[in-house]
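Some notes on the structure that comes next.
The values are calculated or read from the model by the stated rules, or taken from the named source; none is laboratory data. Everything numeric in this text was worked out from a predicted model, so none of it was measured. Note that each Cβ is placed from the backbone with ideal geometry, even for glycine, and that neighbours are counted across all protein chains shown. These accessible areas exclude ligands, DNA and RNA; they are computed on the full protein's heavy atoms, side chains included. Shrake-Rupley method; radii C 1.70, N 1.55, O 1.52, S 1.80 Å.
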Amino acid sequence: MRRDVRLLLIVLALAALTGCPLRKDASAPQVCAVHPQPVVIVQRVYVPIRESLTATEPVAEGPLDQCPSVAAQRKAALKRANAKLQQIEQVQGTEVKP
C-alpha cells in the first residue's frame, strides 16, 4: 500500500474512534441544554345554550285600529324574550361537569 493511503486510513480510523465513546459512562451526569417541565393546559368546555332559548320571538303586526291588541302581543313577546335572556344568563359561563 502506498504511504498516503495508509496515512489516510489511519486518520479516518482515529476520527471514527474519537467521535463516539466505546462505552457509556453511567456515573457521568446527563447534560441537557433544555430541562423539560410539565405544562398544564386548561381547556374549558361550556354548557351549550338550548335552541328553545335562542329561538326568535315573532313580532306582532297589524293595522292601526288593532293597536291595543298588537301592543299587548308585542309586550307579551318582549316578556318571553326577557325570560329567555334570564335563563341564558343563569347557564352562560358555567362549565360542563362530567
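Counting only protein heavy atoms and using a 1.4 Å probe, the accessible area of Ile10 comes to about 90 Å². Give me the net charge of Ile49's neighbourhood, meaning all other residues with Cβ under 15 Å from the Cβ of Ile49; Lys, Arg count +1, Asp, Glu -1. Net charge in that neighbourhood comes out at -1.
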